[in-house]
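The values are calculated or read from the model by the stated rules, or taken from the named source; none is laboratory data. Fair warning: this is a prediction, and the values are worked out from it, not measured in the lab. Quick reminder, even Gly has a Cβ in these numbers, built from the backbone with ideal geometry, and neighbours come from all protein chains shown.
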């Protein structure tokens, strides 16, 4: 892994930890059995643009943050960030646009979270309706935030390059 990618990955992992630990109480929506912490997917989604290894690293950091704050069920759901992050990063690497990768990974994310909660005593209907649909909505909202942030950062980099030339 390049030093640049490692540093960006570390910063995104720090955000993935900070969001549930420090901002979770402000950004959390809780409708039992579903919970969502707004912006919690954004670091993993931004990692799509760096590399598959960075996406995995950020997904693991997110899982740890949710384990610390919310316990094993939510941490198990957050572990799905590793898989949808890897899938998204591979799609971007293959030439998919960021937006298309976000759309393509939404079902992976939602189905993964549905499957993860079933062994914890959720009925299939609870898992599908509350967790699956909730995750799709949450993924979409965080995807919009990630796209806006990515465009802002990229336009800032272009501006900085123009100023330095």
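Count of the stretch 109-125 residues, restricted to those that are farther than 23 Å from residue 86 by Cβ, assigned to a helix (DSSP H, G or I) and touching a helix residue (DSSP H, G or I) at 6+ places or on another chain (Cβ under 8 Å), is 2. Filtered by the rule that a residue be in a helix (DSSP H, G or I), over 12 Å from residue 17 (Cα atoms) and without any contact (Cβ under 8 Å) to a residue 12 or more places away in the chain, the stretch 45-82 gives a lone residue, 72.
Checking the structure you have, find out if any residue of the stretch 23-42 is part of a helix (DSSP H, G or I), modelled with pLDDT of 95 or more, touching a helix residue (DSSP H, G or I) at 6+ places or on another chain (Cβ under 8 Å) and within 21 Å of residue 145 (Cβ to Cβ). Yes, the stretch 23-42 contains at least one residue that is part of a helix (DSSP H, G or I), modelled with pLDDT of 95 or more, touching a helix residue (DSSP H, G or I) at 6+ places or on another chain (Cβ under 8 Å) and within 21 Å of residue 145 (Cβ to Cβ).
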